[in-house]
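Below is one structure, written out as structure tokens, with a few remarks after it.
Read-outs throughout are calculated quantities, based only on the coordinates presented, and are distinct from any laboratory measurement. Model, not experiment: these values are computed from the prediction. No Cβ is skipped: glycine too gets one built from the backbone with ideal geometry, and neighbour counts run over all protein chains shown.
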Amino acid sequence: MMDNRFATALVIACVLSLISTIYMAASIGTDFWYEYHTLSPAENVSEAGRSIWEEFVSEEADEKTYTDALFRCNGTVGLWRRCITVPKNSHWYSPPETDMTTNCISFSLSDQFMEKYIEPGNHNSGTDLNRTYLWRLQFLLPFVSLGLMCFGALIGLCACACRSLYPAIATGVLHFLAGLCTLGLVGCYVAGIELLHKKLPLPDDVRGEFGWSFCLACVSAPLQFMAAALFIWAARTNRKEFTLLKAYRVA
């Protein structure tokens, strides 16, 4: 029979694990990891405004091109997509629009693994290895984190089926590794943004800040670590007390 302390610890750990999984999945699927706010957004319907959108959606748009559009059009960036805010009607003969809409373009798989250059947009400047590998890691690490948590949950279900608490140690270890991956993801993203802004400084009238998708990932990491600690503590302590009790009965 399981002690109430261990049962309570496991329930809390499961709740923390579920919340962190939801937060992590939401952060991966949303486009608000980083947000740009400009005091003079591209709300006019000039030829320049139309060209920004055309360049932004072009398959040949390089990093500098779409980053400039993000600066000028209140853009947001996620792990999978980039978005800008543009007028709904952008014809040259139309009056200035106040009704704005957000349009997004997805990063293709090749974009995720594309080399980053020392001078963004200049293919002849050489490869920036730091930014290249930071970008690739921020794409891969969240999926590794979710995979580890799902595998840990599967082990937990098997432990319930076997009526044994000891496999919860493996669940705790996997949650700890998932927390490290999430922490690595946050670090890689922050470093990548800082290095990008050193190459392409923000204009004076543009303000950049981390969005709520990024905050969800930041919150997910400590939840994973807390769940891991509870799983490991409950399994090890329960096993130790069971061993002592068994030795006492034999004696």
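If packing is taken as the average count of other Cβ atoms within 10 Å, what order do 109-120, 211-222, 147-158 fall into, highest mean first?
Details: 109-120: 14.5, 211-222: 19.7, 147-158: 17.3.
The densest-packed peptide leads the list: 211-222, 147-158, 109-120.
Quote to one decimal, in nm, the extra length available between L39 and D205 on full extension: 0.36 nm per residue of separation minus the C-alpha distance between them. Intermediate values should be presented prior to the final figure.
Working: separation 166, 0.36 × 166 = 59.76 nm, distance 0.57 nm.
This chain segment gains 59.2 nm when fully extended.
Using R₀ = 22 Å, calculate the FRET efficiency as 1/(1 + (r/R₀)^6) where r is the Cβ-Cβ separation of T65 and T132; round to 0.05.
Details: r = 18 Å, r/R0 = 0.82.
Here the calculated transfer efficiency is 0.75.
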